[in-house]
Every structure is written in C-alpha cells, then in structure tokens.
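The values are calculated or read from the model by the stated rules, or taken from the named source; none is laboratory data. Predicted model only: the values in this text are computed from it and were never measured. Note that we place each Cβ from the backbone using ideal geometry, even for glycine, and neighbour counts take in every protein chain shown. The protein model used for the area step is the full one, side chains on, heavy atoms only, and it has no ligands, DNA or RNA in it. Shrake-Rupley method; radii C 1.70, N 1.55, O 1.52, S 1.80 Å.
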Number of protein chains: 2
Amino acid sequence: MSKLKVLIVEDEPVIAENVSLYLDNNDFEVSGIAYDSHEAIEQLNANTPDAVILDINLDSEKDGIDIATYINAAYQIPFLFLTSYSDKATLDRAKEVKPGGYIVKPFNERTLLASLQIAISNHAAEQKGSMPPISMDKINRHLLSPLTQREFEIIGFICEGHTNTQIAEKVFVSVNTVKTHLKNIYLKLDVSTRLALLKKLRELMIR
Amino acid sequence: MSKLKVLIVEDEPVIAENVSLYLDNNDFEVSGIAYDSHEAIEQLNANTPDAVILDINLDSEKDGIDIATYINAAYQIPFLFLTSYSDKATLDRAKEVKPGGYIVKPFNERTLLASLQIAISNHAAEQKGSMPPISMDKINRHLLSPLTQREFEIIGFICEGHTNTQIAEKVFVSVNTVKTHLKNIYLKLDVSTRLALLKKLRELMIR
DNA sequence: CAGAAATTCACCCCCTCGGGTGATGCGGAT
DNA sequence: ATCCGCATCACCCGAGGGGGTGAATTTCTG
C-alpha cells in the first residue's frame, strides 16, 4: 500500500519544513508545500493529495478557511487547520467548513500525527454511504453556467482579493477591460459589488 | 533579589500565554502582555520591564521591529524577537535594531529560557562603560525640539500607521487640521511625505 | 497690550479605486 | 450577410487618501 499524500499549505517556511519533516518521518508522503493561496489551489488541482494541512493565516487575500471551502466544493478530502488563532470570529468561520481538526501552534510531532490520523480515519468513516464526489467542472457548469472562461478567470483573482489594476496586469489587459468583465459578471450573478459577488460565490459553493 | 520583569508583546493569545507560563515557571515575573503595538508602548512606559519578548508580526500598523526601535531610543533594555518569519527583508530590518536574539516558532520552554537568559546577560555586559541612559523626554527636547505637543501627538499616530482621517477622529479635530499639523511637521523636519518622516524619525531615534 | 506661536479649518490639486455607460472589433451560428 | 456572444477599451463619476496654500482663532509671552 502506497503512502498517503499530504499537501502542506503554510506561508511560514520554518513551520512548513517542520511539518514536512514530521510527515516524512512517519510514513506520509508530502505531495507539496504551498506558501500562499495561489499555490495551494494549483497544487490541489495538479496533484490532488489525500489530505491537507492548512494554515489559517496565509496571504491577506485568501486564508486557509477559503481554501477549505474550495476543498469541500471541488474535492472531498480531509483537512486540518494549523493555527495560532483563537480569535472568535475566525474560529466560527473555521467551524463552518467542517475541518478534520485543529493543530495549535506551537505543536509537536506527536500532536501533528495524532491529529492527522484521526482526521483521515474520521473522514473515511463519514464518506461511507454519503454523496458522490462533485467535480469543480460540474459546479461551474451548473451554477456558474452563464460565465465565460475569461470571466471565470477574473473571478479567480477577485476571490484572491486582487484589485482591478492587479488583475489587469496579470491578465495583460487594460483595467477598463477588467471592469467590463466585472460588470458582466455582476449582471449574470445579480450582484453589484465585489463583496456581494464573493458572498454569492460562497453560497453557491457550499451547496 | 527580586525577579526580573519581562514584557510579552505577542498578538496571538495562545502563544502569549504559553510564553507567560514558561516564564512563570522559571523565576521570571511577567510584567504584562501586550496584544498590539499600542499596548506595547503603553506598558513599556507604565511599567518598564527588565526585558521584552517581541513578536515581529503584530498589527499591520507597527510591528515588533518598530517597537524595538522605540525601546532602543527610550529605554536600554534587552529584547528578543519571537518569530516564524524567515523573510529576508524583515530579517535585515530586525538585524539593524540589534536584538538580543531570536526565538523561532515553534519553540519549547528550554529554548525560550536559554535565549532570554543569554540576551539579558549579554546586554548587561554591553552596558558596562557605555553611554548613559537617555530618557524619551530628552530625545524629544533635543532632536525634535521644534515640535509642538500636538505635533508630537500626531507623529505618534503616524508611527502607528493611522491615516489622516483616523487621526482626526482620535484627536477630535478636522482632517484638514491634521493635514496642517503634518505640513508643519514636514517643514520642521525637512521632509515631505509620511514615509520620509518615518525614515527621519528612525534615524533620529537610533542616535 | 502687542507680537509670536500654536491650533484650528476651508479649499484646491492629484492620485487610486470601484463602479457605470457606451463603443469597437472579432468570430461563430443562422 | 446578419446577428449574437465575447473580449477589448475609452470615458465619466464619486469616494477617499495624501499633500499644499492661505487664513482665522486662541494662547502664550515679552
């Protein structure tokens, strides 16, 4: 039986390497380390792991809880939050995405492994006789059907908290163009601000 | 001999309490816990400790390195950085304020105590035969002599990263007034932007 | 009391950001 | 050829931040 692949999403290299080391020592395979939300999504899609360890505090654009929402929508794999947050609002948000567990910094090898193993086995138990996996594609087609490729691309950046100008630079297009795409997205999804858009997307994603 | 007082500046309660516990267990007295840069400055002035443990990542307004700069200027007490940052630019900034040491998260009790004791004893050694302590008042009078009370107050908020509007609200004054004070400060210190002002202040503070 | 310093404020300029309107060109489907 | 979807962009607007000019008021001080 091959090792279980684990993705580490952690912006602080010191901690990421620590976790990686712990996993290596204990019959897990580290499928990758993502240092920000972009990399996290990329690595999830490119090399889907069997479990994810998610730092809640990532870039200001998108945090671990957002990644967790994405994981719930696109893949059904267990994930653990790695955090030093005890802020109530954040914990409330975290609770809603049904994490497999929390690892509080500072933590030790034993804690990490125990939490991970419990999360994986609980998740396996829950999966028995539950809904079939939903692919990201299906979600897009069904709920975001009216959206264009380009528009979907723009939404991606919006989710990551980029400004119109930043998006324009990344897509090699004028700011005005980005604004137009935004306008059309707003029309199609019946919203009129980016915040409302994000709220809407979250609703759509969480079934 | 009374216990050495240590101030903890750490925005994450879990870690702060951990550190506090470690210190309590080992013949140090925790003089206070500051969860943000405001509290840090307040507690420094109110109940000056013998050493400070400083998280580098605080509020976005002012980080641990800024607090360290303040400590160097106003008090000559040893401080340690508590961090998970390995970002080069930050480490370069940190190096310049001459910290007594770094504690990398995650850390254990032994590491924390060893680092703290080394920092304190090194600092004591360096103090022998060096310059006399400089009070904040003297620095103000000498280097920032042309500045008004009000202007000094404004500078305080500027250092904490507030916008003119935010300052106006705190001081119960119009934004325009804040801008005028700023203008006068710029004149007196021969700068023309807030960034230049901060740079200048840092220069003045670090002797 | 007179003058200087300190404090307050009103405008003005320029920039960026988000959002809205209208227009252009290109390709595919009818 | 026509129409529609898609992508592209130019302006316009209002909000808000930073900085500059000028001016009024209070307060301290010689």
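Suppose the filter is at pLDDT 75 or above, more than 21 Å from B:Ile158 (Cα to Cα) and over 14 Å from the mean Cα position of the chain (by Cα); does B:Ala16 pass it? Criteria met by B:Ala16. Only a single criterion out of (1) modelled with pLDDT under 80; (2) buried (at least 24 other Cβ atoms within 10 Å of the Cβ); (3) touching an Asp or Glu at 6+ places or on another chain (Cβ under 6 Å) is not satisfied by B:Asp55, namely (1). The one condition from (1) open to solvent by less than 50 Å² (accessible area, probe 1.4 Å); (2) within 16 Å of DNA strand C (Cβ to nearest atom); (3) at pLDDT below 70 that A:Lys199 does not meet is (1).
Close Cβ contacts (under 6 Å, 6 or more residues apart or on different chains) running from residues in the stretch B:170-190 that are closer than 15 Å to B:Lys200 by Cα to residues that are more than 10 Å from DNA strand C (Cβ to nearest atom) comprise B:Tyr186/B:Ser192; B:Leu189/B:Lys200.
Across the stretch A:168-183, the number of residues qualifying as more than 6 Å from DNA strand D (Cβ to nearest atom) and either crowded, with 16+ Cβ neighbours inside 10 Å or of a type in the set (A, V, I, L, M, F, W, C) (or both) comes to 6. In the stretch B:170-193, the qualifying residues are those that are in a helix (DSSP H, G or I) and within 7 Å of DNA strand C (Cβ to nearest atom), and the one that is modelled with the lowest pLDDT is B:Val171.
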